[in-house]
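Visitor: First the structure, which I've put down as structure tokens, then a few questions once you've had a look.
The values are calculated or read from the model by the stated rules, or taken from the named source; none is laboratory data. Here the structure is a predicted model, which is why all the values come from computation and not from measurement. Here the Cβ positions follow ideal geometry from the backbone for every residue, glycine too, while neighbour counts run over all protein chains shown. Note: accessible area is taken over every heavy atom of the protein model, side chains too, but ligands, DNA and RNA are not part of it. Shrake-Rupley method; radii C 1.70, N 1.55, O 1.52, S 1.80 Å.
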Amino acid sequence: MVSPVTVVKSEGPKLVPFFKATCVYFVLWLPTSTPSWFSALIKCLPIFCLWVFLLAHGFSFLGEHASARKILAGLIFSALGDAFLIWQEQGYFVHGLLMFAITHILYSSAFGMKPINVRAGLVIILASSLAYSLLYPYLSGPFTYLVAVYVALIAFMGWRAIAGLQLTNDLWTWTKLSACLGAVLFIVSDLTIAVNKFCFPVPHSRAIIMATYYAAQMLISLSAIECQDVEVARKRL
């Protein structure tokens, strides 16, 4: 297994643009009350940088590994979702919801269906059912069903990421841990959005949502290079 120190040295420089773009977003902190194409660009810029991060590993790498391509596609739909949510008060919230639903389907496919890990699945089912039961009294109309479907999709994504992390044996890798943490942070971000939008105002909601969201996307993007790390490790044996 490739050591975390080696990973930081090899992948850290490629993530510098992402960290800079994230800092720009939080420093500018453009008001959400006046949506514009510029605010959409600033919000999406860190995700664009993650596109570049994956592309920096080469088109041959993306061509050989379907999971990396699916995560890149997920990032593309995420950027579209971010753009739609800039204008959510103008009626584009559902559009953003759809883009992120597609993202979670792509990420789930990238994480794969093995191992199954029934115990993790049951825990996720219980947690997601509890979350939806808390949201349900505040939902009405189409959102009653749309939110239910979305919760199911992100829960499935979380299950597939968590299932891959096998800490009880020597099969785990730092990239599986990265995928797991990324999925959990994505769930935290989306749950905060749901509570803040449908239930009651969450203090510092925007900071919580965006910090966990950007961290989640970075960690999931890092998980895409697992195949490359395995190949490097084999060459060193």
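Visitor: Listed here are the pairs 20/43; 43/176; 14/197; 14/70; 14/114; 114/197; which of them are more than 24 Å apart at the Cα?
Guide: 43/176; 14/197; 14/114; 114/197
Visitor: Using a Förster distance of 45 Å, how high is the FRET efficiency between residue 33 and residue 122, based on the Cβ-Cβ distance and rounded to 0.05?
Guide: So, using R0 = 45 Å, E works out to roughly 0.60.
Visitor: Then there is this: For volume of the Cα convex hull per residue in Å³, the choices are [x] 178; [y] 127; [z] 215; which was calculated from the structure?
Guide: Computing volume of the Cα convex hull per residue in Å³ and matching it to [x] 178; [y] 127; [z] 215 gives [y].
Visitor: On the protein heavy atoms, probe 1.4 angstrom, tell me the percent of accessible surface of the chain carried by carbon and sulfur. Show your work: numbers first, answer last.
Guide: Details: 9000 of 12340 Å².
On the chain, the fraction of accessible area on carbon and sulfur atoms equals 73 percent.
Visitor: Helix 143-163 against the longest principal axis of the chain: what's the angle in degrees, Cα atoms only, rounded to the nearest 10?
Guide: 20 degrees
Visitor: Using only Cα atoms and rounding to the nearest 10 degrees, what angle (0 to 90) does helix 205-223 make with the longest principal axis of the chain?
Guide: Result, in degrees: 30.
Visitor: So what is the relative contact order of region 46-101, in percent, for Cα pairs below 8 Å that sit 6 or more residues apart?
Guide: About 29 percent, as a whole number.
Visitor: Now a separate question. What is region 1-103 by shape, rounded, prolate or oblate, if you read a ≥ b ≥ c off the alpha carbon gyration tensor as root eigenvalues and call it rounded for a/c under 1.5, prolate for a/b larger than b/c, and oblate otherwise?
Guide: oblate
Visitor: Next question, about the same structure. Output the 0 to 90 degree angle, nearest 10, between the alpha-carbon long axis of helix 66-86 and the longest principal axis computed from the alpha carbons of the chain.
Guide: It works out to around 20 degrees.
Visitor: Return one whole number: the accessible area per residue of the chain in Å², for a 1.4 Å probe.
Guide: So the chain comes to 52 Å² accessible per residue, rounded to a whole number.
Visitor: Another question about this same structure. Quickly estimate the mean residue ellipticity at 222 nm for the chain, helices only: each DSSP H run with n ≥ 4 gives -39500 (n - 2.57), and the total goes over all residues, rounded to 500.
Guide: -25500 deg cm²/dmol
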